[in-house]
Amino acid sequence: MRKIEIFDSTLRDGEQSPGFSMNLAEKLSMARMLRSLNVDVIEAGFAACSQGDYACVKRIADEIKDVTVASLCRCVESDCDIAWNALRGAEKPLLNVFIATSDLHISQKLHSTREEVLKTVARVVSYAASLCPEVEFSAEDATRSDRDFLLKVLKTALSSGAKILNIADTVGYIQPEEIRELVTFLKEGLSGGPEYKLSVHCHNDLGLATANTLAAALAGADRVDVTVNGIGERAGNASLEETVMALKTRKDHYGCYTDVNTKLIVPACRKLVMLTGVKVQANKAIVGKNAFAHESGIHVHGMMADRRTYEIIDPEDIGLAESKIVMGKHSGRHALEERLAVLGFTSLTKEQVDELFEKFKLVAEAKKVVSDKDIEALVRAELLDFTGEYRLDKYIINSGNVLSNTCNIRIVKSDGTGFDGFATGEGPIDAAYNAINDALKTDAKLLDYMIESVTGGTDAQGAVSVKISIDDKVVKGYGVSVNIFEASIAAYLNALNNK
Ligand code: MN
């Protein structure tokens with residue numbers, strides 16, 4: 001059996017796609033989850049892209065050990081310098097240097113020539129290798145590049161010090177049979193030279209990212225770029241869960257394995273959904289809500305006789321087993337801690353667990369049974385409250401169809417200063433948000449508001465996600481409570497705290 005290395009780009013390619021941006025605390029939290037999943041490489045960001053990205057790459061490199069941490073770099077020395085500065089503290093740093101190799105990109109985007117690209121690759125890859133012990137070279141738009149030229153570029157990168165050669169299907173253009181041929185062609189062309197690893201980076205524009213990734217693995221690729229839930233530019237990247245579970249479920253076919261701890265796949269998927277507020281579609285392979293749901297009589301009948309009739313993956317294998325443990329108001333702190341560990345929240349501080357336990361008791365008072373989803377919602381609120389400068393002290397909302405909607409509110413700053421606000425509104429939430437703006441003298445504007453019930457039942461917790469614009473910035477917030485007004489207020493304050 002041959003090992004396929006997993007290069008996770010959730011925090012880079014995934015994070016740079018619309019709606020998936022994460023702040024430092026969120027990225028760090030996701031990086032810890034990726035570390036627990038046991039991926040081989042975490043691409044933590046694109047350090048030269050912004051100060052925010054630089055800070056995230058640096059923090060992850062400094063804190064997350066026992067795994068390679070990578071930063072993307074354009075094929076210019078200054079990008080390598082910035083990325084290397086961010087990665088210095090990593091146990092296993094990796095500079096991922098990329099340049100486009102297709103004639104279309106070279107002429108239209110780079111305004112350059114093939115000869116110039118070859119020279120640049122030789123110069124910058126050598127420079128990167130003089131800084132960092134491990135350098136990956138990525139050929140952007142490799143699948144629409146002239147094959148002989150692509151091979152020449154990869155040979156140049158290899159002889160300049162790159163140890164990993166990556167071919168990117170940047171626009172999701174290639175077909176499975178073609179990528180198999182391409183990988184075979186490149187491996188033949190590169191044989192006899194220095195040692196290297198070949199990796200692929202596939203996009204999903206035609207829904208083939210996972211299929212192409214697997215075809216490349218079958219043809220001998222050593223490493224694959226993936227993201228949790230398949231997030232990424234446009235239609236996304238190859239999904240980690242699909243790639244890993246296909247290799248595992250059909251090891252008879254692929255003869256390959258990965259080191260991923262598959263039992264954390266569902267917790268990782270849920271964590272990303274929590275952090276970004278973007279759900280996966282119900283019919284998504286492996287992690288969709290319906291991926292293990294059976295309703296039709298024939299299927300249910302078959303499942304009752306033998307699970308294997310309609311399921312090829314054991315749900316427990318991906319961490320889907322629903323808890324049989326009933327959590328309620330009699331469950332102690334220890335029970336909560338154990339449940340948190342099972343759900344994959346292993347890196348919470350003692351203070352965070354203390355606060356969670358207080359909130360847990362409130363929910364348990366209001367509801368008889370506290371589900372895993374309730375606990376996850378509380379953790380999410382706790383994690384996002386990280387930098388909480390403003391907190392809700394008290395409020396009164398008046399609402400009805402025979403009076404005007406009003407809100408009185410008192411917000412407390414972390415230094416103890418109180419701020420009182422009062423406002424009317426079209427409805428109770430409008431009144432509450434106007435009252436917060438009045439109290440804090442801001443002119444924040446609500447761009448998006450979403451409420452959902454965490455579980456079923458009229459006593460369910462309400463989870464509110466908001467996006468607000470303030471000082472020309474867009475920030476998101478999240479709040480959860482059995483009282484939807486309070487969840488709404490918490491979400492708005494959380495967004496203000498995140499600005
Ligand atoms: Mn990409």
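The values are calculated or read from the model by the stated rules, or taken from the named source; none is laboratory data. The structure presented is a predicted model; accordingly, all values stated were derived computationally and were not measured. No Cβ is skipped: glycine too gets one built from the backbone with ideal geometry, and neighbour counts run over all protein chains shown. For accessibility, only protein heavy atoms count, side chains too; no ligands or nucleic acids. Shrake-Rupley method; radii C 1.70, N 1.55, O 1.52, S 1.80 Å.
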Please specify each residue of the range 14-47 satisfying the condition of being in contact (Cβ under 8 Å) with a residue 60 or more places away in the chain and aromatic (F, W, Y). F20
Given the range 405-499, what strands (runs of 3 or more DSSP E) lie entirely inside it while holding 1 or more residues that are touching a residue at least 40 places away in the same chain (Cβ under 8 Å) and at negative phi? 405-413, 445-453, 462-470, 473-481
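Conditions tested, residue by residue: (1) in contact with a strand residue (DSSP E or B) (Cβ under 6 Å, 6 or more places away or on another chain); (2) under 20 Å from G277 (Cβ atoms).
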site: K441; (1), (2): no, no
site: L446; (1), (2): yes, yes
site: E452; (1), (2): yes, yes
site: A463; (1), (2): yes, yes
site: I470; (1), (2): no, yes
site: K476; (1), (2): yes, yes
site: V480; (1), (2): yes, yes
Condition (residue is under 19 Å from V39 (Cβ atoms), in contact (Cβ under 8 Å) with a residue 24 or more places away in the chain and within 16 Å of the ligand (Cβ to nearest atom)) applied to the range 240-255: is it met by at least one residue? yes
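Return the residues of the range 215-235 that are under 30 Å from G189 (Cα atoms), in contact (Cβ under 8 Å) with a residue 60 or more places away in the chain and either surrounded by fewer than 24 Cβ atoms within 10 Å (Cβ to Cβ) or more than 15 Å from the ligand (Cβ to nearest atom) (or both); say none if nothing qualifies.
Across the range 215-235, the qualifying residues are A217, A221, D222, R223.
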Determine, yes or no, whether A268 is within 12 Å of the chain's Cα centre (by Cα), away from the ligand (no atom under 16 Å from the Cβ) and of a type outside the set (D, E). yes
Output the residue which, of all residues in the range 2-29 that are at pLDDT 95 or above and among the hydrophobic types (A, V, I, L, M, F, W, C), is farthest from I64 (Cα to Cα). I4
Name the residues in the range 102-137 that are among the charged types (D, E, K, R) and open to solvent by less than 70 Å² (accessible area, probe 1.4 Å), would you? E134, E136
Could you check the range 169-185 and list, in sequence order, the residues that are crowded, with 22+ Cβ neighbours inside 10 Å and within 13 Å of S102 (Cα to Cα)? D169, T170
Tell me, please, whether a residue that is over 18 Å from A100 (Cβ atoms) and within 16 Å of the ligand (Cβ to nearest atom) can be found in the range 195-206. yes
Restricting to the range 59-81, what's the tally of residues that are under 11 Å from A128 (Cβ atoms) and of a type in the set (A, V, I, L, M, F, W, C)? 4
First in the range 110-127 and closer than 17 Å to F149 by Cβ, second anywhere and among the basic types (K, R) and at pLDDT 95 or above, Cβ under 9 Å, 6 or more apart: R114/K152; L118/K152
Hey, any hits in the range 362-369 for a residue that's aliphatic (A, V, I, L, M), part of a strand (DSSP E or B) and within 21 Å of S465 (Cα to Cα)? no
Has the range 394-404 got any residue that is surrounded by 13 or more Cβ atoms within 10 Å (Cβ to Cβ), charged (D, E, K, R) and in contact (Cβ under 8 Å) with a residue 12 or more places away in the chain? no
Matching residues in the range 410-439 - criterion: being open to solvent by 30 Å² or more (accessible area, probe 1.4 Å) and among the hydrophobic types (A, V, I, L, M, F, W, C): V412, F419, F422, I429
Residue tally, condition open to solvent by less than 20 Å² (accessible area, probe 1.4 Å) and among the aliphatic types (A, V, I, L, M), over the range 186-214: 6
